[in-house]
Amino acid sequence: MMADSETEEIAVIGNTDITSAELENNIRNTMVEKEGVSPRKMEITIGEAEKRTGKNSVNMIETYTVYLIETRPEGAGSEGSAAAVPDSLWRRYSDFELLRTFLLITYPYVVVPPLPEKRAEFQWHKLSADNLDPDFVERRRVGLENFLLRVASHPALYNDKIFSLFLTEEKSWREAVLESGFQDKADSRLKSLSAAFRVKNPDKRFTELKHYSDELQAVISQLLRVRARVADRLYGVYKVHGNYGRIFSEWSAIEKEMGDGLQSAGHHMDAYAASVDDILEEEEHYADQLKEYLFYTDAIRAVCKKNELTQYDLETAAQDLSNKKQQKEELITGTVRTFSLKGMTSKLFGQESPEQREARLTLLESNITEGEDTVNRCNTECQEFVKAAWSDVERFKEQKDRDLREALISYAVMQISMCKKGIQVWSNAKECFNKM
Amino acid sequence: MGDEGSALLQRMEISVAEAEKRHGKNSVNIQEIFTVYLIETRSMNTIAEGRNQAPDSLWRRYSEFELLRNYLIVSYPFIIVSPLPEKRAEFVWHKLSADNMDPDFVERRRVGLENFLLRVASHPVLSNDKILYHFLTEEHGWKEAVYETGFQSKADSRLRALSATFRVKNPDKRFTEMKHYSDELQAHTSQLLRMRAKVADRLYGVYKVHGNYGRVFSEWSAIETEMGDGLQSAGHHMDAYAASIDDILEEEEHYADQLKEYLYYAEALRAVCRKHELTQFELEVATQDLLSTKEQREELATGIVRTFSFKGMTNKLFGQETPEQREAKLKLLEEQIVDGEKAVKEKTAERVEHVAAGWVDMQRFKEQKNKDLREALISYAVMQISMCKKGIQVWSNAKECFEKM
């Protein structure tokens, strides 16, 4: 059921023989002539976070956090020109959510990078689940910056006008988004759900991908849960060493010769106990990297759903066309193969006149022509979608393998550094004991 | 037995080599299972001469060690006698069994019993004891020999000791200080042991949860194509890490045992203090008795009644006694005074001897304690360092795995 009409644009992004780097290069070459700012050539950072109070939609005072987005043309700093000072504006989390929703709807074939979590999950005991907690805000700042960088380096997204405005226009951005009318393009949830159940021939690769994303989600959630448990217990181990410190101090008071040594030992224990805070703060960073991919699975599923929807539309259109053609045949030959109201009323009230029949035939023929157009359109849409989406999925896969590999390596490096610090602390303690 | 003052250990190699289970009937004729320990001894001369002779050996059970120690405590009350390893497992953390039949517990007890023998055999005073020598060299007939010494009759009644503690007026300050010190030592070592059990418990948890990491990595490797092998290997490394905790904590148990020894030493210290209080109290009582006897004699001799006495009252009521009666009483009192003076002299000598010997042993103990605790702390730090090094190894392997993905 797939036609093979292709436009040049599709030929570029649908060609999976070339590497992703060349792919990106091609996009840049074909798109760079378009007007508008090219954020790829921009440096984007989220410099700070601040608290604000204001009235929300139900006219109640609320406290919320805003983030300072700073942009600078790439390499401007090194030139020492006046453009060294970055442009900046403030955005809150809900602005980011709106941007992402816009991108999801406007580019349904793209695996859109996720935002950092709205509320703290997979908490271990010590961490606060409070959204206003400074550590949470700081981790969110990093996550939002990461989101912007990912979008800005995505071949399909970076050139979007709304995205550019997000980075440059503080006040009028919301209106611009809503004016784009993107909400009309959104597929109703009900329709998506229905398509998921009733589609007959989805692309096998997307079905597999959906299963993969479910499994990846399960695995990463488990990892995060295990990690939270390790953090909790590790914290406990270190902190109990603080108790050792206290006991050694008390003991030093009743000893003569060993007094100083025990006192020092106590201090080393305290230092050891205190070192866990930095360790676990750093470790939080890797948890966040894992969480990003946890949330990516939602984005993957969204693309799969869209595939099911387009395929379903195509199947529905084809089925309609088939029905109409059959009706026409019945009308011409007079053979009633299927039950129809007209057929029944004909039987009851007598055949219709030749003029009536002629009129109906004409109507059917025009319906059929329309239907054929629809099927062609759906077919094209489907094909285009599959090509574009699959190319992005390939890109995503490579990105994922790269990122997860790096995250795991970094985690191992962090563990090694933790052990080295431990060796340092205990070597100092040992020297202390030697001198007693 | 060699010259006086040269410790047994210098002439003999002693070890508790093995432990075995035995069946037997106990005192109430019920079948029981108990553990016996093999004590091996070898003369140092034999070793020095290079003769590779097989060691002499005999089997002893824990209750016999207890009997030996009780004998030593009663016979040498001014010596801080080394404690035995615990009768039942205390300060256990979650995973360890509190079962006396548990092989790990038996092994640790074997080490503790050997340690006890080595300590006793290297003590300047205790090592010369005949019963100790007998304990190490003759399996049968030892119990009878111990009872024959009649040491049990020398044991002070607990009630008497307690009473003395309350009523003594002038105990030697050094012993009082030592009693306070032993209380604090006990408090600190028990706190340390409690902390340690908590740390062990949580550390065990941390390592074992890494086993969960291993499982998740394995499951993940099943759904990945390129990263599959790397994740699988990483999973194995996590499992290895999780398993390594068992050896670590077994080694650590050793340091807990060293701490426990000093926890029980506190009780030995208190026993010496109690003995001092008792001797001092007895001396005070004897002195007081002598004093009042002398007073009575004076009263009788001079006729002046300074204190209330029943005799004085009956005299007033029924008339004075005859000169013969008075003479008899005076003689009796004089005899009592002589006895009393002898008793005071004895008790004073006992006290002086006890204090001197006790003080010497206290010094010896202090030095031993400082040395041992210093070593235990160093060993603990070394063990922690080795633990970190193992961690580095595991994570370096995992890192290599990840890099190859």
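The values are calculated or read from the model by the stated rules, or taken from the named source; none is laboratory data. Quick caveat, the model's predicted, so the values are computed rather than measured. Cβ placement follows ideal geometry from the backbone for every residue including glycine, while neighbour counts extend to all protein chains displayed. The accessibility values were calculated without ligands, DNA or RNA, using every heavy atom of the protein model including side chains. Shrake-Rupley method; radii C 1.70, N 1.55, O 1.52, S 1.80 Å.
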Legend entry - All positions within region A:389-407 that are open to solvent by less than 20 Å² (accessible area, probe 1.4 Å) and either among the charged types (D, E, K, R) or more than 22 Å from A:SER153 (Cβ to Cβ) (or both): A:ASP392, A:LYS400
Legend entry - Leading residue by the ranking (nearest to B:LEU192 (Cα to Cα)) among those in region A:245-254 that are open to solvent by 10 Å² or more (accessible area, probe 1.4 Å) and within 8 Å of another protein chain (Cβ to nearest Cβ): A:GLU250
Inset, instruction - Scan region B:368-391 residue by residue and report those that are farther than 30 Å from A:ALA412 by Cβ, open to solvent by 20 Å² or more (accessible area, probe 1.4 Å) and either more than 9 Å from every other protein chain (Cβ to nearest Cβ) or not acidic (Asp, Glu) (or both). - result: B:GLN368, B:ASN370, B:LYS371, B:ASP372, B:ARG374, B:LEU377, B:ILE378
Legend entry - Selection count, region A:392-419, where residues are within 18 Å of A:GLU282 (Cβ to Cβ), among the aromatic types (Phe, Trp, Tyr) and at pLDDT 90 or above: 0
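I'd like the full set of residues that are at pLDDT below 85 and either surrounded by 14 or more Cβ atoms within 10 Å (Cβ to Cβ) or of a type in the set (Gly, Ala, Ser) (or both), limited to region A:304-341.
First, pick out the residues of region A:304-341 that are at pLDDT below 85: A:330-341.
Within region A:304-341, A:GLU330, A:LEU331, A:GLY334, A:VAL336, A:SER340 qualify.
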Inset, instruction - Hey, can you tell me all the residues within region B:327-376 that are among the polar types (S, T, N, Q) and farther than 30 Å from A:LYS430 by Cα? - result: B:GLN336, B:THR348
Legend entry - Given (1) away from chain A (no Cβ under 12 Å); (2) closer than 25 Å to A:ALA287 by Cβ; (3) not charged (D, E, K, R), index of the condition B:THR279 fails: (2)
Legend entry - Sole exception among (1) open to solvent by less than 100 Å² (accessible area, probe 1.4 Å); (2) at pLDDT 80 or above for B:SER6, by number: (2)
Inset, instruction - Of all residues in region B:246-303, count the ones that are among the aromatic types (Phe, Trp, Tyr) and either outside any helix (DSSP H, G or I) or open to solvent by 20 Å² or more (accessible area, probe 1.4 Å) (or both). - result: 3
Inset, instruction - Output the number of residues of region A:155-208 satisfying the condition of being of a type in the set (Asp, Glu) and open to solvent by less than 50 Å² (accessible area, probe 1.4 Å). - result: 2
Legend entry - Among the candidates B:VAL168, B:VAL209, B:VAL199, residue that is more than 30 Å from B:VAL92 (Cβ to Cβ) and either among the β-branched types (Val, Ile, Thr) or more than 9 Å from chain A (Cβ to nearest Cβ) (or both): B:VAL168
Inset, instruction - Please find, among B:VAL111, B:VAL120, B:VAL106, the residue that is hydrophobic (A, V, I, L, M, F, W, C) and closer than 30 Å to B:VAL352 by Cβ. - result: B:VAL120
Inset, instruction - Evaluate the following for A:ALA287: is it away from every other protein chain (no Cβ under 11 Å), touching a residue at least 60 places away in the same chain (Cβ under 8 Å) and within 39 Å of the chain's Cα centre (by Cα)? - result: yes
Inset, instruction - Note down all Cβ pairs under 8 Å where the first residue falls in region A:412-424 and is more than 16 Å from A:HIS268 (Cα to Cα) and within 7 Å of another protein chain (Cβ to nearest Cβ), the second is part of a helix (DSSP H, G or I) and polar (S, T, N, Q), and they're at least six residues apart or on different chains. - result: A:ALA412/B:SER396; A:ILE416/B:SER396
Inset, instruction - Go through the residues of region A:263-276 one by one and say whether even a single one is at the interface with chain B (Cβ under 8 Å from one of its Cβ atoms) and touching a residue at least 24 places away in the same chain (Cβ under 8 Å). - result: yes
Inset, instruction - Would you be able to say whether some residue in region B:55-65 is basic (Lys, Arg) and open to solvent by less than 40 Å² (accessible area, probe 1.4 Å)? - result: yes
Inset, instruction - Scan region A:425-436 residue by residue and report those that are open to solvent by 20 Å² or more (accessible area, probe 1.4 Å) and at the interface with another protein chain (Cβ under 7 Å from one of its Cβ atoms). - result: A:SER427, A:LYS430, A:ASN434, A:MET436
Inset, instruction - Output yes when any residue across region A:57-78 is at pLDDT 90 or above and among the hydroxyl-bearing types (Ser, Thr, Tyr), and no when none is. - result: yes
